[in-house]
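Take a look at the structure set out below.
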Amino acid sequence: AGEQLLNHIGLILKEQVDEKTEICARNQGDRFVLMVCCTDKDTLLKRLQDIKKHLEKCIFEDTDNRMAVQMGIYIIPKSVHDLQLAVSYANQALEFAGDAKENALMFYDDELEQMIKERHEREKLLESVDIQKDFVAYYQPKVDIRSGEIVGAEALVRFKNPKENGAIKAPGFFVPYYEQTGKITELDFFVCEEVCKMLRRRLDEGKKVVTISCNFSRMHFIRPGFAERFEHVLEKYQIEKELIEKLVYLGINNAN
């Protein structure tokens, strides 16, 4: 069914290009490449928006499925003759295209090139840091509005950027990359262990403790041994299970 849909999309796209001067081809997977002529950026954008709307409309009418089309666009300068490089730039722009209508069509330009460089630098940084040293757990209290008493808390992980003198970075800086690489599971258990250390310290000092919510990525549930590892951490610090509440987050929008 997937191959039939891709063939159908190819036929629709073929109708949108001038066979004498333009090219439409399947690149890889669910990606197609169009090489089209344009006089200026605005005219090109209008044409591609029309192609996008037409393609989505045809797919819905023919398959009863609503599918969002995204496009990465690179305007090839006259000085560039490397087609493979041009396709690579368009693919990079596609990686930054979102589902929202306002940025489903993304141009590869100087601004995007700078964003890509910054992302690469961020990834190099996050790959090199030590989770045990460069991350910290903060606690957001849960307060009973009737009494003003703290009745619980949520553990929130933050990154202390060693290249900025320990400047604190929110999850949007590091969670997407760690989700992509799978290191998010190590980060989650780092926070879990920090929570257990804190609870053990307060218990030993005879201080009050409350239930702490810890976030765990969905990735834990596609890997074996999550429950056993979680129990091992609690046993290591002799923490009652009732003091830890597990929250599962499904993506960056729900993370911390």
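The values are calculated or read from the model by the stated rules, or taken from the named source; none is laboratory data. These numbers come from a predicted model, not from an experiment. Don't worry about glycine lacking a Cβ; one is built from the backbone with ideal geometry, like all the others, and counts go over all protein chains shown. Only protein heavy atoms, including side chains, enter the accessible area calculation; ligands, DNA and RNA are left aside. Shrake-Rupley method; radii C 1.70, N 1.55, O 1.52, S 1.80 Å.
Would you call Ile131 under 30 Å from Val210 (Cα atoms) and open to solvent by 100 Å² or more (accessible area, probe 1.4 Å)? So that I can check it myself, show each step before the final result.
Details: under 30 Å from Val210 (Cα atoms): yes; open to solvent by 100 Å² or more (accessible area, probe 1.4 Å): no.
Criteria not met by Ile131.
Does any residue in the stretch 69-87 that is of a type outside the set (Lys, Arg) come within less than 6 Å, Cβ to Cβ, of a residue that is open to solvent by 70 Å² or more (accessible area, probe 1.4 Å) and part of a loop (DSSP other than H, G, I, E, B) six or more places away or on a different chain, and which pairs are these?
Listed pairs, sorted by first residue: Ala86/Ile76.
Starting from residues that are surrounded by 14 or more Cβ atoms within 10 Å (Cβ to Cβ) and under 19 Å from Met67 (Cα atoms), keep the ones in the stretch 92-126 and report whichever is modelled with the lowest pLDDT.
Within the stretch 92-126, the subset surrounded by 14 or more Cβ atoms within 10 Å (Cβ to Cβ) is 92-94, 96-97, 104-109, 112, 116, 119, 122-123, 125-126.
Those left that are additionally under 19 Å from Met67 (Cα atoms): 94, 96-97, 104-106.
On the way: Leu94: 89, Phe96: 82, Ala97: 79, Ala104: 86, Leu105: 90, Met106: 90.
Step by step, filter the stretch 92-126, then rank; the result is Ala97.
Anything in the stretch 106-162 that is under 27 Å from Ile75 (Cα atoms) and over 18 Å from the mean Cα position of the chain (by Cα)? List them, or say none.
Those that are under 27 Å from Ile75 (Cα atoms) and over 18 Å from the mean Cα position of the chain (by Cα): Phe107, Tyr108, Asp109, Asp110, Glu111, Glu113, Gln114.
Only strands (runs of 3 or more DSSP E) wholly contained in the stretch 138-252 count here; list those with 1 or more residues that are touching a helix residue (DSSP H, G or I) at 6+ places or on another chain (Cβ under 8 Å) and open to solvent by less than 90 Å² (accessible area, probe 1.4 Å). Give the steps one after another, and end with the answer.
Details: elements: 150-161, 167-169, 211-217, 244-249.
The strands (runs of 3 or more DSSP E) meeting that bar are 150-161, 211-217, 244-249.
Restricting the stretch 36-92 to residues that are part of a loop (DSSP other than H, G, I, E, B) and β-branched (Val, Ile, Thr), which is farthest from Met106 (Cα to Cα)? If you could, list the steps in order and put the result at the bottom.
Initially, the stretch 36-92 is screened for residues part of a loop (DSSP other than H, G, I, E, B), giving 36-40, 64-70, 74-82.
So of that shortlist, the ones also β-branched (Val, Ile, Thr) come out as 36, 39, 69, 75-76, 80.
Working: Val36: 16, Thr39: 18, Val69: 12, Ile75: 11, Ile76: 15, Val80: 20 Å.
If we take residues in the stretch 36-92 being part of a loop (DSSP other than H, G, I, E, B) and β-branched (Val, Ile, Thr), then Val80 is farthest from Met106 (Cα to Cα).
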